[in-house]
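Undergrad: Please find one structure pasted underneath; my questions will follow.
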Amino acid sequence: MAFITANGIAIHAEVEGRAGAPRLVFLNSLGSDRRIWGETVARLASRFQILTFDQRGHGLSETGAEPITIPLLAGDVTALLNALGWSRVSLVGLSIGGLIAQHLAIHHPERVERLVLLDTAARIGSVDSWNARIAAVRGEGLKSISETVLRGWVSEGFPAAQPARFAAWRRMFEATPAEGYVGACEALREADYTDLVATIRAPTLALAGEGDRATTPDLVRATAERIPGARFEVIPGTGHLPCLERAEDLAALVAGHVGTSEDTETSRFEAGMSVRRAVLGEAHVNRATAAITPFDAPFQRFITEGAWGSVWARSHFTRRERSIVTIALLAALGQDDEVAMHVRATANTGASPEDVAEALLHVAVYAGVPAANHAIKIAKTTFTEMTWTEREGAAR
Ligand SMILES: O=C(O)CC1=CCC(=O)O1
């Protein structure tokens, strides 16, 4: 256990991972501490040097005497980096941690290599909502709000499916010092980076848990749309804290965005599997994996690493854009099965039937009307089957 004196307080901080590798800093959310990152960090430690710490007034870190603000919390981060001798890092900021990350990218761009904004926004909540929460905690303590807050962190089924883990995270939350929690709520109440996020130049990946009610996917997307070139992705099957139940997906997305040419084969394979599952769906990948034999195992590994772990994992295009480009290429090449597979995947990539129809016009011009005509038939049939499957699912 390490404590670093930074910005006038003792901060509980740990450095893990590979010395000399690209540096990542994880910033925790309101009412949590560095332990929430455990499963994510374990998956990234072979490729990055990683700093996790308990935010001021949380976990084992001191609260200090000053009013807590986002600039003060950002000052804690730069002081920690100075103490470690780290000049430039990539940041993964969750919720209030994401506001601290935005502040650093706006006001200290020279220190920020890349940004992952996780379940966060330029403005979170309203003055009234934060005042109500502050009054509840001051009056009756954190226990009075823990059930509601904790259920917002995870997917609907998590508390029943994982009762011991849910209870453990609740203990972490309830152990947060009330003055630290209230101070962070005050910082959240005052913070608004709506106009300033447009000045962020660090390559940014914005992520939202599918079921997040505190910073909904729409809210996170709206912030991403204000940041030049930012990419937005939804992490399925989770709430406000994807690191608690979707650490594998989160680690793959972080690695895909922050990764470097130093990636190992293993991490590229893992990232590839995760992207492949997110795009083609769990059922498809499970079927394909079950069908692997020694004959095609090297080939399967090659496409997982090469197509999914290298190209599809890149951050420049959105998944929707990659989906459109891929369908157009497959149509031009007359790859019927693959056209159908990638049209089915549009349910996960966000490409619409209109996007596909538009792409096939390009195929008609650049690859020929017969190729486009044939692909249109396949796409039409596939979209119709998808609608039936959806209706059957809804009727069940
Ligand atoms: O505590 C919550 O309900 C969600 C949240 C808002 C800001 C943050 O860090 O977490």
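Undergrad: Tally up the residues in the stretch 114-170 that are in a helix (DSSP H, G or I) and touching a His at 6+ places or on another chain (Cβ under 7 Å), please. I'd like the intermediate steps shown before the answer.
TA: Pass one, the stretch 114-170, residues in a helix (DSSP H, G or I): 127-140, 143-153, 158-161, 163-170.
Narrowing the set further to residues that are touching a His at 6+ places or on another chain (Cβ under 7 Å) leaves 152-153.
Qualifying residue count for the region: 2.
Undergrad: If you don't mind, there's one more thing I want to ask. If I ask for residues that are among the hydrophobic types (A, V, I, L, M, F, W, C) and either modelled with pLDDT under 95 or more than 23 Å from Gly281 (Cβ to Cβ) (or both), which ones from the stretch 346-375 would you list? Show your work before the answer.
TA: Residues of the stretch 346-375 that are among the hydrophobic types (A, V, I, L, M, F, W, C), as a first pass: 347, 351, 356-357, 359-361, 363-365, 367, 369, 371-372, 375.
The answer is Ala347, Ala351, Leu361, Val363, Ala364, Val365, Ala367, Val369, Ala371, Ala372.
Undergrad: Could you please let me know if Ala230 is buried (at least 16 other Cβ atoms within 10 Å of the Cβ), out of contact with any strand residue (DSSP E or B) (no Cβ under 9 Å at 6 or more places or on another chain) and assigned by TED's automatic domain parsing to the domain that holds Phe158? It would help to see each step written out before you state the result.
TA: Details: buried (at least 16 other Cβ atoms within 10 Å of the Cβ): yes; out of contact with any strand residue (DSSP E or B) (no Cβ under 9 Å at 6 or more places or on another chain): no; assigned by TED's automatic domain parsing to the domain that holds Phe158: yes.
In short, no.
Undergrad: Could you grab me the full set of residues in the stretch 186-223 that are within 12 Å of the chain's Cα centre (by Cα), buried (at least 18 other Cβ atoms within 10 Å of the Cβ) and away from the ligand (no atom under 13 Å from the Cβ)?
TA: Thr204, Leu205, Ala206, Leu207, Pro217, listed by residue number.
Undergrad: Here is a further query. Within the stretch 317-330, is even one residue surrounded by 16 or more Cβ atoms within 10 Å (Cβ to Cβ), polar (S, T, N, Q), in a helix (DSSP H, G or I) and outside the structural domain of Thr204 (by TED's automatic domain parsing)?
TA: Scanning the stretch 317-330 turns up at least one residue that is surrounded by 16 or more Cβ atoms within 10 Å (Cβ to Cβ), polar (S, T, N, Q), in a helix (DSSP H, G or I) and outside the structural domain of Thr204 (by TED's automatic domain parsing).
Undergrad: Within the stretch 278-315, how many residues are in contact with a strand residue (DSSP E or B) (Cβ under 8 Å, 6 or more places away or on another chain) and open to solvent by 70 Å² or more (accessible area, probe 1.4 Å)?
TA: Number satisfying all stated conditions: 0.
Undergrad: Name the one entry in Glu113, Glu39 that is acidic (Asp, Glu), away from the ligand (no atom under 16 Å from the Cβ), touching a residue at least 24 places away in the same chain (Cβ under 8 Å) and under 13 Å from Phe26 (Cβ atoms).
TA: Values: Glu113 fails: under 13 Å from Phe26 (Cβ atoms).
Answer to the selection: Glu39.
Undergrad: Can you tell me how many residues within the stretch 132-168 are open to solvent by 40 Å² or more (accessible area, probe 1.4 Å) and within 14 Å of the ligand (Cβ to nearest atom)?
TA: Adding up the residues that qualify gives 6.
The values are calculated or read from the model by the stated rules, or taken from the named source; none is laboratory data. Not measured: the values here are computed from a predicted model. No Cβ is skipped: glycine too gets one built from the backbone with ideal geometry, and neighbour counts run over all protein chains shown. Heavy atoms of the whole protein, side chains included, go into the accessibility calculation; ligands, DNA and RNA do not. Shrake-Rupley method; radii C 1.70, N 1.55, O 1.52, S 1.80 Å.
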